Every structure is written in C-alpha cells, then in structure tokens.
Amino acid sequence: MDTRINYRNFIFKSRGDGDNDEKDSLEVTIPEVLDGQYGMYVWPSAPVLAQYIWYHSNQMVGKNVLELGAGTSLPGVIAAKCGANVILSDASQLPRCLENCSRSCLVNSLQNVQVEGITWGEFSPNMFTLPPLDIVLAADCFYDLKDFENVIVTVHFLLKRNPTGKFWCTYQERNSDWSIESLLAKWQLKCKHITLSSFGADCVSIAGSNLPGNHTIWMMEMNLK
C-alpha cells in the first residue's frame, strides 16, 4: 500500500425520515493523498453534500450526475452507490487529482464511473460531449475568491445545456464578506439555501466523521432563472 495514501471510512446510516429509510447503512472508503494539493483531502463540506445525496438516495437511481472538482470524490461515490450514472471530474492540469478519482472508484468497486478532466472556466472538447445531466455536484468549490466566477461560469454552461438540471453545492464559509450574489445575477442563476437540519446534517459528526466539526457550512441548490 502506498504510504502516502490515507484511507478514510464513512458510514452513512438511515434516520428513518428520508428516502433511505429502508436502507440500514452505506459504507464507503475514500483515499486521501498526503501532499499539498487541496483536492487530495476530504474537506468538511464533502460529508454534508454526501449526506444530502444519501438522504435523497431513491431520487438518485438512474440519474446522470457530474461532480466538479471531485478530488477525493465522496459525494460522487455516494451518488454512484445510490444508483446514479456518475462522471467524476477535476482540473485537467491536475493528473494526480484525476488519478485519485479513479482510485476512489477502484476501492469502492465502482467499475462504470467515468473520470474527466474539466477545469473551471475552460470549455474543453469533452464538455461538449457530456451526456444529458440531471444533477451537477460540487463540495467546497468556493474556497478561493479568484475561482468563484470560473465555477459559476462552468455551472451556467452545464445548466444551459441541461435546462432542467440542478446544481447541488456545499461550501464552508471562510469570510463573511465573500458573496456570489452578483455572480448569480450576472450568469442568470437562482439559488435556494437548504437548511442542514432538513437532511440530518446539522451536527459536528456525519457518517462517523468529525470533519464538519463546528465549521459554518452552507448547502445550496441552483438552477437557471
């Protein structure tokens, strides 16, 4: 086993009040590569988004799902385990992140998940050959202010091609002065905030992990105006 890799287990359990009330639990293993690249760790927002997917697991069956900035791919892996057709993506210039996406699939026995190089704000040929999408996922893509518009531009492009699609996003608040409201207006997107308590994520521990901790984390659903 590569000593630079840490394998973290997550166990999502039914609370009896979501789509998953007939399922006892779902356990996945997520590899983290111990180096300086941001995308190689599970960040606090990822278990929150994964919990939202798990809570609505019956809605995932047969859906076409793309995860942006997947890195360790926890939300995308959960979506695939819930029956979605999943494409994982990360920046095309970060091959180790793409390799880790593939590693996440391998350790969770997911053989039919595609991995694509998609860089926020860039329109590479593979973006034009994506299948119709129902849901786009992203956990903690809004962590660096300089990338905010590139993320929004990419989401706008994907939803424009998939007008009935939705963008599910979680992010950790790092600066209360940062806002995406003007970018949403500019790129004609509307946003709905989803309370964490509505899907059992208003706690410091999710799926056996203390990663959410006491961080301020937001869950949003976006679509076209």
Could you order Thr29, Thr164, Thr170 by accessible surface area, starting with the largest, using a probe radius of 1.4 Å? Thr164, Thr29, Thr170
With every protein chain in place, the accessible area of Trp187 for a 1.4 Å probe, in Å² rounded to the nearest 10, comes to 70
Over the residues of region 128-225, compute the C-alpha Rg and express it relative to 2.2 N^0.38 Å. 1.13
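Taking the Cα centre of region 77-204 as origin, work out the dipole magnitude from +1 charges on Lys and Arg Cβ and -1 charges on Asp and Glu Cβ, in debye rounded to 20. Provide the component values of the computation, followed by the final result.
On the way: 11 positive and 13 negative charges, 74 e Å.
Here the size comes out at about 360 debye.
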Take the eigenvalues of the Cα gyration tensor for the chain, scale each by 5, and report the square roots as semi-axes in whole Å, largest first. 23, 21, 18
Toward the positive end of the charge dipole of the chain, about the Cα centre and with charges on Cβ (Lys, Arg +1; Asp, Glu -1), which of Asn214, Trp43, Trp54 goes farthest? Trp54
Could you size up the charge dipole of the chain around its Cα centre, putting +1 on the beta carbon of Lys and Arg and -1 on that of Asp and Glu, and report it in debye to the nearest 20? 380
Let me cross-check Met40: its accessible surface, 1.4 Å probe, with only protein heavy atoms counted, in Å² to the nearest 10? 0
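Which whole-number value in Å³ per residue fits the convex hull of the alpha carbons of region 100-178?
On the way: hull volume 9.5 nm³, N = 79.
Per residue, the Cα convex hull of region 100-178 comes to 121 Å³.
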Below 8 Å between Cα atoms, with a sequence gap of 6+, how large is the relative contact order for region 169-220 in percent? 53
For the chain, what is the mean residue ellipticity at 222 nm derived from helices alone (per DSSP H run of n ≥ 4: -39500 (n - 2.57); sum divided by total residues; nearest 500 deg cm²/dmol)? -7000 deg cm²/dmol
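Ratio of region 45-134's C-alpha Rg to 2.2 N^0.38 Å, to two decimals? Intermediate values should be presented prior to the final figure.
Values: Rg = 12.4 Å, N = 90, 2.2 N^0.38 = 12.2 Å.
Compactness ratio reported: 1.02.
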How many Å² of accessible area per residue for region 54-144, probe 1.4 Å? 38
Given a 1.4 Å probe and every protein chain left where it sits, what share in percent of the accessible area of the chain is carbon and sulfur? 48
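The values are calculated or read from the model by the stated rules, or taken from the named source; none is laboratory data. From a predicted model like this one, the values you see are computed outputs, not experimental measurements. Don't worry about glycine lacking a Cβ; one is built from the backbone with ideal geometry, like all the others, and counts go over all protein chains shown. Quick note on the areas: whole protein, heavy atoms, side chains included, nothing else; ligands and nucleic acids left out. Shrake-Rupley method; radii C 1.70, N 1.55, O 1.52, S 1.80 Å.
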